[in-house]
Each structure stands twice: as structure tokens, then as C-alpha cells.
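Everything below concerns the one structure shown next.
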Amino acid sequence: MADWSSLAERVEVINISEHISDHDQLVEKVRDCQILVVMRERTPLSAELINRLPSLRLIITSGMRNASIDLTAAQERGITVCGTQSRSEPPTELTWALILGLARHITTEHAALRSNGPWQSTLGVSLHGKTLGLLGLGKIGEAVARVGQAFGMQVVAWSQNLTQERTNAVGVSLAASKEDLLSRSDVVSIHLVLSERTCGLVGAKELGLMKPSAFLVNTSRAAIIDQAALIHALEQGLIAGAGLDVFEQEPLPGDDPMRSLPNLLATPHLGYVADANYQYYFSQAVEDIHAFLAGEPIRELSVS
């Protein structure tokens, strides 16, 4: 995905492909590294961890936002933090993979076919004429809306700062409130940035407003939904199902109840994992390193 050999004269590149959750083991692996390139939020860089890496001078993250890096701690240590561009098409496409997978029971039917089980054991849900509710109408939300319109769905959107001008530009309806959107929608898809305002935005009360036949999809950030409330809603059949690509702890623990819920379609944070994004991530990581070595860092992330 990138020409790492262009760094060969000045940088020794080491690839660590396995997830290391134990801080002591991770420190042992990267203690002497001056540069770390991290993939999204897969490896959180807390102040405690950063301060155990005395040689560290540059952190590069895929994407231009990474809540799992303590930027304040990095700044205090004089460590430069840079990012890369990221494409919005891959998470848009995965959102629709989850919606269609839920609506047509793809995993259930696939498993039955592979195991010589029942032929046509489920009844799919047609999306045409149904209502798609979008919490968030940014770049990804807009793209998801346009696909929904192509399927013949009625699309409504809401967020705390969403305006009529914005929804008119996309050709969707502005919901009167979050509660209005949740109660009207057959499919609810979340496309918001995680912040103090959006953390826990969808909890037990909000899930209780949804139709029992509705699906909830989240390819943004796990903490936007109260996870315990979602598990309860799925266990009790308060909603028909959910499609999740994000979890509060990743990788998801082996004993997590989400691994066994029959009405949950889950993927291991694949929204950004596509060739187009990885070409951006790694080629621009190489660019970031060259710029840093030249004393002119680019795409810097700063404390907001």
C-alpha cells in the first residue's frame, strides 16, 4: 500500500501485526522506537503508555482524528502527532452491508445453506417505502441517505445542530427531534462524531421509542449507544435487530454477550478497512515521516 523502501536510508521499519493489549508487553516491543504508526484506535496511547516510551518523537495515526491518543500528554513530551486523510466511501458501503444483511437475514440463510439446513427459512424485509432515519448528516450520512433514496426509502435526519437548509440540500426531511426520528424510522443509522454531547445519546429511553420491527445500525462509535441498554433491547426483542461495527472494547472479549445475540449482525470494526483507505493511510504515513525528518511536519493533530 506504500513505498516504505523510500525511508530505508534513515528509518528501520518494523511491522507489528498482532494486537498487544498488555502494556508491559507493548512497551517491551516498542520501547526504543522514535516513531509509531498506529491504525485508528486499535492501540490506545494513554499518558501512562506515552510516558513509558522515552525515545518516542513522532506518532502517526490513520485518519485526522483519534480519541485514543492523549494529545496533551504527547504535547507535554514534545512528541509530534500527525494524521492522514481518510475516505468516506468504505464506511458508507459497510453501513449498507449491515442494513441489507439485517433486512434479508443474509448470515442466517448463508449458514443454513452451508450446513444443508432449511431452504428459505426467513422472511426478508423490503426497504422500498420504509423510513430511514439518520442520526447525523455529514459526509457519510449524506452518502448513506442517497443510497436509501435510490432504494426508494423515505429519509429523515436529525442532529443537534442540523438545519433545514442542510436537509433541503440533500433532499431529506428534518426530524422534529431525536425522539421523533426514532419513533418514525424502520432503520436508524448513526453517523455522528463521539463527543460529550453524543456519548450515550441513544439509551434505554430512546431504544424504547423505536418500533419493535426496526433495525439500529452503528458504524460510528460504540459509546454513542448505551451498550447495556442495547443488549437488553436485543435480548428482550424490543427492536428487531442491530448491526454494529464498533464496540467499547476492541477486540471484543470472547465472553461478551454481543458475540452470541442472534439478532445482532456484527463486524470487527471494518468500516475503514478497505483498499482505498489503506492506500491513503500508509502512503501518507510515509509522507508524514519524510516531512518530520525534514523538520517540516504535515497534517499535525493538536489539542482542541
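Just so you know, all these numbers are worked out from the coordinates, no wet-lab data involved. Quick caveat: nothing in here was measured; it's all calculated off a predicted structure. For neighbour counting, all protein chains shown are included, and Cβ atoms are generated from backbone atoms with ideal geometry for every residue, glycine included.
From Cα pairs below 8 angstrom and at least 6 apart in sequence, can you work out the relative contact order of the chain, rounded to a whole percent?
Details: 517 pairs, mean separation 57.9, N = 304.
Reported as a whole number, the value is 19 percent.
Report, largest value first, the span of the C-alpha coordinates of the chain along each principal axis, in whole Å.
Extents along the principal axes: 59, 51, 33 Å.
Quick one: if the Förster radius is 45 Å, what FRET efficiency do residue 283 and residue 255 give, using the C-beta to C-beta distance and rounding to 0.05?
Taking R0 as 45 Å, the efficiency between residue 283 and residue 255 is 0.70.
Run the quick spin-label model on residue 274 and residue 8: label points 7 Å from Cα toward the beta carbon, then report their separation in nm to one decimal.
3.3
Net charge near residue 3: determine it from the other residues with C-beta under 15 Å of the C-beta of residue 3, scoring Lys and Arg +1 and Asp and Glu -1.
That works out to -2.
Most exposed first by the Cβ proxy, i.e. fewest other Cβ within 10 Å, how do 135, 192 rank?
Details: 135 29, 192 22.
With the sparsest Cβ surroundings first, the list reads 192, 135.
Would you calculate, for the chain, the mean residue ellipticity at 222 nm contributed by helices, counting each DSSP H stretch of 4 or more residues as -39,500 (n - 2.57) and dividing by all residues, to the nearest 500?
-9500 deg cm²/dmol, from helical runs alone.
Sort 60, 16, 231 so that the residue with the fewest other Cβ atoms within 10 Å of its own Cβ comes first and the one with the most comes last. Please report the intermediate quantities before stating the final value.
Details: 60 26, 16 13, 231 16.
Listing 60, 16, 231 from fewest to most nearby Cβ atoms yields 16, 231, 60.
At residue 123 and residue 24, where each label point lies 7 Å from the Cα along Cα→Cβ, what is the point-to-point distance in nanometres?
Label at residue 123, label at residue 24, 5.7 nm between them.
State the Kirkwood hydrodynamic radius of the range 89-266 in Å, one decimal place, computed from all pairs of distinct Cα atoms.
About 16.5 Å, per the Kirkwood formula over Cα pairs.
Using Cβ counts within 10 Å as a stand-in for footprinting exposure, how do 61, 80, 92 rank, fewest first? Numbers along the way, then the final one.
Numbers: 61 27, 80 18, 92 22.
The fewest-first ordering by Cβ neighbours comes to 80, 92, 61.
If you average the sequence gap of Cα pairs under 8 Å that are 6 or more apart and divide by the length of the range 89-266, what percent do you get for the contact order?
Details: 312 pairs, mean separation 34.1, N = 178.
RCO, the range 89-266: 19 percent.
Straight-line reach only, C-alpha to C-alpha below 16 angstrom: list the lysines that residue 211 could link to, leaving out same-chain residues fewer than 8 apart.
Those lysines meeting the cut-off are 130, 178.
Give the peptides 93-103, 158-168 in descending order of average Cβ contacts within 10 Å, highest first.
Packing order, densest peptide first, comes out as 93-103, 158-168.
Output the 0 to 90 degree angle, nearest 10, between the alpha-carbon long axis of helix 89-103 and the longest principal axis computed from the alpha carbons of the chain.
That helix lies at roughly 30 degrees to the long axis.
Tally Lys and Arg at +1 and Asp and Glu at -1 over the other residues with C-beta under 15 Å from the C-beta of residue 232: what net charge comes out? Spell out each step's value before the answer.
Details: positive: 205; negative: 206, 226, 235, 256.
Local charge sum for residue 232: -3.
From zero outward in steps of 5 Å, how is the percent of C-alpha pairs of the range 170-304 spread across the bins?
Histogramming the range 170-304 at 5 Å steps yields 2, 9, 15, 18, 16, 12, 10, 8, 5, 3, 2, 0 percent.
Rounded to the nearest whole Å³, what is the per residue volume of the convex hull around the Cα atoms of the range 85-134?
Output value, Cα hull per residue: 88 Å³.
Report the net charge of residues surrounding residue 85, where surrounding means a beta-carbon distance below 13 angstrom and charges are Lys +1, Arg +1, Asp -1, Glu -1.
Numbers: positive: 65, 87, 139, 299; negative: 89, 287, 288.
Net of charged neighbours comes to +1.
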